[in-house]
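The values are calculated or read from the model by the stated rules, or taken from the named source; none is laboratory data. Here the structure is a predicted model, which is why all the values come from computation and not from measurement. Reconstructed Cβ throughout: ideal geometry from the backbone, glycine too, with neighbour counts over all protein chains shown. Calculation scope for accessible area: heavy atoms of the full protein, side chains included, ligands and nucleic acids excluded. Shrake-Rupley method; radii C 1.70, N 1.55, O 1.52, S 1.80 Å.
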Amino acid sequence: MQAGLLYGRQLTAIDLPQDADVTRFNHRPSMIEHGRWIICQRCHERSLKQQVRLPAGGYYCPACFLLGAVHSQQPLFSLPEPNYFTPVAQPLSWRGTLTRLQKQCATQINDVFRQNQQHLLWAVTGAGKTEMLFLGLADAIRMGKRVAIASPRVDVCLELYPRLQAAFTEVPIALLYGHQTEPYQYRQVTICTTHQLLRFYHAFDVLIVDEVDAFPFAQNPRLGFAVQQAVKPQSALLYLTATPSRQLLWEVHRGKLSISYLPLRFHGHLLPEIRLRLALRWRANLKRGKLPRQLLMAIKQCCEQHRRFLLFVPHVSQLAPIAAVIRQKLPMAEFATVHASDEQRAVKVVQMREQKLDFLITTTILERGVTLPEIDVFVLGADDDVFSSAALVQMAGRAGRSAKDPTGRVIFWIAEQTLALKRARQQIRLVNRKGRRLPECQSA
């Protein structure tokens with residue numbers, strides 16, 4: 001048995017290797033009874049006993065069943081994390097530079113890691129959050145700490161992994177997400193989806209949760225519980241977001257979280273502000289093979305000017321009919337559709353990045369974690385209930401991320417105003433007002 005594969009892991013009896021010496025493991029009850037309820041100790045889901053009782057006796061947890069069945073009559077096993085890592089004197093191979101504002105945030109993050117604190121980094125999209133982590137990560141690695149960076153979105157993990165590999169070439173890094181084919185490996189640095197944190201127990205000295213406002217993390221209290229379980233009792237916890245929730249800001253107000261704030265992008269320009277266009281009855285018209293005339297004109301203009309863009313739409317079912325209309329009207333356009341279940345999603349994003357495609361039509365799956373330079377952003381049906389204010393801000397934030405093209409157009413087609421839309425526009429205006437007060441601001 002390779003003990004390293006089990007350090008800091010949270011395992012059921014079925015997960016244990018056949019040659020494992022059970023006496024070496026810590027164990028604790030997998031489920032706790034509380035009146036009519038049974039509470040899973042892996043994910044903290046509360047279930048009515050009568051609904052999860054097994055015919056042979058005992059109970060199971062339906063909420064985290066896909067990670068392997070948790071049975072009330074079998075404990076959860078774990079091996080304490082010993083931090084058996086090869087020392088690396090100079091782990092950071094990145095030779096880039098940070099702006100004054102980025103250095104301030106990076107220094108604060110490093111202090112948080114050293115002092116085992118909980119912290120929120122509130123930085124606008126395109127502020128360079130990943131690069132601001134490097135100082136603290138390098139210091140933690142030198143000190144032999146185990147580190148994890150978790151995100152709710154697989155796309156964010158897949159984008160982070162090569163960037164971290166390039167920045168820390170001497171440090172082995174693990175990548176964990178659902179449906180991957182590579183076996184688990186014990187590494188000092190782990191990049192994973194937040195669901196994968198349910199497999200760890202007191203494993204990490206430093207845990208960074210990126211895109212903390214994103215679905216499903218923000219809507220799933222089980223994932224918040226997973227974060228608290230995955231870290232050691234003495235550890236550092238850092239939340240990253242461009243759109244903090246009211247709950248996070250309340251935690252800051254109560255003094256439970258310290259905060260760093262960066263309202264300016266790395267290139268010194270403000271966020272592109274949202275422009276609205278009216279598109280009445282576009283859903284009904286789409287069924288007749290029509291799209292808003294102004295949208296088609298904008299798409300045609302971008303293609304003629306070789307200006308690439310993302311077109312966001314509310315629902316997967318709308319991708320095919322919208323693509324059919326565009327192919328009929330603009331047969332020379334090179335584009336693809338993308339959604340969460342698309343097995344070719346990563347390939348299409350690479351094609352877009354390599355400028356083999358003029359644009360992508362996508363759902364919210366590309367609202368964050370994907371950086372494409374020199375693009376515009378169009379959103380059809382931005383007033384749909386599926387779009388939260390955070391999602392709208394993130395979609396708008398895909399534009400203007402390059403120093404060569406720091407502005408970019410952001411146009412939303414709507415039939416009516418919504419509260420989410422108003423809040424999104426207000427938040428962008430708020431951070432831009434704060435950004436204008438900084439001497440580094442490059443926008444007029």
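Mean projected area of the convex hull spanned by the Cα atoms of the range 57-100, taken over all viewing directions: 7.6 nm². With a Förster radius of 30 Å, plug the Cβ-Cβ distance of Arg277 and Glu343 into 1/(1 + (r/R0)^6) and report the FRET value to the nearest 0.05. That gives a FRET efficiency of 0.35. Here is the P(r) of the range 339-406: all C-alpha pair distances, binned every 10 Å from 0, give 19, 53, 27, 2 in whole percents. Once the gyration tensor of the Cα atoms in the range 173-268 is diagonalised, the equivalent ellipsoid follows with semi-axes of 25, 16, 14 Å, ordered largest first.
Across the range 361-444, the volume of the C-alpha convex hull divided among the residues equals 101 Å³ per residue. Each residue of the range 274-291 was assigned a 3J(HN,Hα) from its phi angle through the Karplus expression (A = 6.51, B = -1.76, C = 1.60, θ = phi - 60°), giving 7, 9, 9, 10, 7, 9, 6, 6, 5, 5, 5, 5, 4, 5, 9, x, 10, 10 Hz with x at Gly and Pro.
If you run the Gaussian network model on the chain, springs between alpha carbon atoms under 10 Å, then out of Met395, Met31, Met297 the most flexible one is Met297.
The calculated FRET efficiency for Arg246 paired with Arg46, based on their beta-carbon distance and R0 = 25 Å, is about 0.55. Our summary of shape: the Cα atoms of the range 40-154 have principal axis extents of 62, 35, 25 Å, ordered from largest down, in whole angstrom. Taking max minus min of the alpha-carbon positions on each principal axis, the range 279-327 gives extents of 30, 20, 17 Å, largest first. About the centre of its Cα atoms, the range 69-189 shows a dipole size close to 300 debye [charges on the beta carbon of Lys, Arg (+1) and Asp, Glu (-1) only; nearest 20 debye]. Ordering His253, Leu238, Phe215 by Cα displacement along the dipole of the range 200-284 toward the positive end leaves Phe215 in first place; charges were set at the Cβ atoms of Lys, Arg (+1) and Asp, Glu (-1). Between Leu176, Leu67, Leu120, the Gaussian network model of the chain with springs among Cα atoms under 10 angstrom shows the greatest mean-square fluctuation at Leu67.
For the range 395-436, the solvent-accessible area of protein heavy atoms averages 43 Å² per residue (probe radius 1.4 Å; ligands and nucleic acids excluded). For the peptides 240-248, 359-367, the ranking by packing is 359-367, 240-248, with the highest mean count of neighbouring Cβ atoms within 10 Å listed first.
Kirkwood Rh over alpha-carbon pairs of the range 266-411, then Stokes-Einstein at 20 °C and 1.002 mPa s: what D in µm² s⁻¹, rounded to an integer? In µm²/s, the coefficient rounds to 139. The alpha carbons of the range 88-198 stretch over 42, 32, 27 Å along the principal axes, in descending order. Each eigenvalue of the Cα gyration tensor of the range 1-107, multiplied by 5 and square-rooted, gives one semi-axis; in descending order these are 39, 22, 11 Å. Mind giving me the FRET efficiency for Arg100 and His27? R0 is 56 Å, r the Cβ-Cβ distance, nearest 0.05 is fine. With a Förster radius of 56 Å, E is 0.65.
Does anything in the range 164-199 have its amide N under 14 Å from the 7 Å Cα→Cβ label point of Asn220, and if so which residues? Backbone N within reach: 177-179, 192-199.
Need one number for the range 219-347: average projected area of the convex hull over its C-alpha atoms, nm². It is 12.9 nm². Placing dummy labels 7 Å off each Cα toward the beta-carbon, the span from Gln117 to Leu54 is 4.6 nm.
Report note on the peptides 107-117, 180-190: ranked by the mean count of other C-beta atoms within 10 Å, highest first, their order is 107-117, 180-190. Report the normalised scattering of the range 104-166 as log10 I(q)/I(0) at q = 0.15, 0.23, 0.26 Å⁻¹, calculated by the Debye formula with identical scatterers on the alpha carbons. The computed values of log10 I(q)/I(0) come out as -0.49, -1.16, -1.37. Size descriptors for the chain: radius of gyration and Dmax over Cα atoms are 23.4, 71 Å.
Of all lysines in the structure, the ones whose alpha carbon falls short of 27 Å from that of Lys103, not counting any fewer than 8 places away in one chain, are Lys129, Lys145, Lys256, Lys404, Lys434. With both residues required to sit in the chain, DSSP beta bridges show an antiparallel share near 20%. Note on Gln355 and Asn83: the model spin-label points, each 7 Å out from Cα along the C-beta direction, lie 4.7 nm apart. The modelled label-to-label distance for the pair Ile39/Gln417, using points 7 Å beyond Cα in the direction of Cβ, is 4.5 nm.
Once the chain from Gln301 to Arg433 is taken as fully extended at 0.36 nm per residue, the excess over their C-alpha distance is 44.4 nm. In the range 347-444, taking the dipole from charged Cβ atoms about the Cα centre, the farthest positive-side position among Ala424, Ser388, Val350 is held by Ala424. Scanning the chain for cysteines with no neighbouring cysteine C-beta under 4.7 angstrom from their C-beta gives Cys105, Cys157, Cys192, Cys302, Cys303, Cys441.
With helices as the sole contributors, the chain gives -9000 deg cm²/dmol at 222 nm; each DSSP H run of n ≥ 4 counts as -39500 (n - 2.57), and the sum is divided by every residue.
Hydrodynamic analysis of the range 14-65 uses the Kirkwood radius over alpha carbon pairs. Inserted into Stokes-Einstein at 37 °C and 0.692 mPa s, it gives a translational diffusion coefficient of 264 µm²/s.
Applying the Kirkwood pairwise sum to the alpha-carbon positions of the range 153-225 produces a hydrodynamic radius of 13.1 angstrom.
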